[in-house]
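Visitor: There's a structure below that I have some questions on.
The values are calculated or read from the model by the stated rules, or taken from the named source; none is laboratory data. These numbers were taken from a predicted model, which means no experiment stands behind them. Using ideal geometry, Cβ is built from the backbone for each residue, glycine included, and neighbour counts are taken over all protein chains shown.
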Amino acid sequence: VQSAVQFRFSEELHTIENTSEVAKDEPLMRVVTSQGEYLCRKVILACGLLHYPRKMDVLDALNTKKVHYKIPKIGDYEGQRVVVIGGGDSALDAAVMALQRRGQVDLLMRSKPSGKADSLARVVELGGTVHTQTEIAAASFAGDQLALELTTEKQIKCDLTIVQIGFLSAKETFQRLDVRLNSDGSIAIDPYFETSRRGIFAVGDVHGDIKLITVAWAEGIQAAIHAFKEITSPYWLNEKRLRDHKITLIGEKIAAAATERGK
């Protein structure tokens, strides 16, 4: 059974290119990701402001599926020897989840824990080993396991690692998309959630307003409706849309002029 919706996981957005190809009298865009390229007429960005996990070169060099930057599926770490890296709430939650599924957990932090004190106490209560003021100095394979050498000169063998050390800003990605940005690095949109590039919409945290998942879902629905209307009726026939777009541009010019006078 063929579906109009295709889900593609473990892909990172690189850029969105304009093309000379046309479908139903409308130019197509090429979405370029880490895994491939896709032609489309409209794009809705819902990736948030911080969507790239901060990675560790010492572990990435191993090029193994035993290194996770997202919480693995429950069955992947049940009864396993797990090393969790990070001191925030996400790392502590990951450690607790593994321990609750009979995992043996070592929690590594390069400084004092920044997560909730009760979560850290829960890790210790469940039998986890906490290592503070330490980092991974080197990593290698030891049979089917990973061998991690710490800066404290201690070595730990594990079946998998879960890295939770924060996220990187998506600003560089937004700059590659060549869309207009707000002063905080989020994407500027019009009242219809469309960016400065025609056909590219942005919803949720990505445009920097209210950061709630329920709001993002609602905005996604609205953006999809506006995108569908653009596909089914020519842009230049939508007089209200065109008028609102002009008003937005005028407002932006006035704001920019006021900023210049204030300098």
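Visitor: I'm told residue 70 meets every condition in (1) surrounded by fewer than 13 Cβ atoms within 10 Å (Cβ to Cβ); (2) of a type in the set (Lys, Arg); (3) farther than 30 Å from residue 178 by Cα except one. Can you identify the failing condition by its number?
Guide: With respect to (1) surrounded by fewer than 13 Cβ atoms within 10 Å (Cβ to Cβ); (2) of a type in the set (Lys, Arg); (3) farther than 30 Å from residue 178 by Cα, residue 70 is out only on (3).
Visitor: Out of curiosity, is residue 103 in contact with a Pro (Cβ under 8 Å, 6 or more places away or on another chain), in the same structural domain as residue 73 (by TED's automatic domain parsing) and under 16 Å from residue 71 (Cα atoms)?
Guide: no
Visitor: Out of 21, 11, 26, which single residue is at negative phi and free of Cβ contacts under 8 Å to residues at least 24 places away in the same chain?
Guide: The unique qualifying residue is 21.
Visitor: If residue 39 satisfies every condition in (1) part of a loop (DSSP other than H, G, I, E, B); (2) over 16 Å from the mean Cα position of the chain (by Cα); (3) at pLDDT 85 or above but one, which is the exception?
Guide: It fails just one condition, (1).
Residues are listed down the side, and each one gets a yes or a no for (1) at pLDDT 60 or above; (2) of a type in the set (Asp, Glu); (3) closer than 18 Å to residue 188 by Cα:
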position	(1), (2), (3)
215	yes, no, yes
219	yes, yes, yes
225	yes, no, no
228	yes, no, no
231	yes, no, no
236	no, no, no
242	no, no, yes
245	no, no, yes
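Visitor: Here is a further query. Residues to consider are 208, 251; find the one that is over 30 Å from residue 39 (Cβ atoms) and modelled with pLDDT under 80.
Guide: Among 208, 251, only 251 is over 30 Å from residue 39 (Cβ atoms) and modelled with pLDDT under 80.
Visitor: Could you list, in sequence order, the residues of region 142-182 that are in contact with a helix residue (DSSP H, G or I) (Cβ under 9 Å, 6 or more places away or on another chain) and either assigned to a loop (DSSP other than H, G, I, E, B) or on the phi > 0 side of the Ramachandran plot (or both)?
Guide: Within region 142-182, 159, 164, 165, 166, 170, 180, 182 qualify.
Visitor: Does any residue of region 183-200 turn out to be modelled with pLDDT of 80 or more and part of a helix (DSSP H, G or I)?
Guide: no
Visitor: Just name the residue that is farthest from the chain's Cα centre (by Cα) out of those in region 1-21 that are surrounded by 10 or more Cβ atoms within 10 Å (Cβ to Cβ) and at pLDDT below 90.
Guide: Result: 14.
Visitor: Check region 102-118 and report whether any residue there is part of a loop (DSSP other than H, G, I, E, B), touching a Ser or Thr at 6+ places or on another chain (Cβ under 9 Å), in contact (Cβ under 8 Å) with a residue 40 or more places away in the chain and farther than 11 Å from residue 128 by Cα.
Guide: No, region 102-118 has no match at all.
Visitor: Working only within region 42-98, note down all residues that are among the small types (Gly, Ala, Ser), within 21 Å of residue 130 (Cβ to Cβ) and in a helix (DSSP H, G or I).
Guide: Within region 42-98, 90, 91, 94, 95, 98 qualify.
Visitor: Does residue 24 qualify as being closer than 27 Å to residue 132 by Cα and of a type in the set (Lys, Arg)?
Guide: Spelling it out, it is not the case that residue 24 is closer than 27 Å to residue 132 by Cα and of a type in the set (Lys, Arg).
Visitor: Has region 153-166 got at least one residue that is surrounded by 13 or more Cβ atoms within 10 Å (Cβ to Cβ), of a type in the set (Ser, Thr, Tyr) and modelled with pLDDT of 95 or more?
Guide: yes
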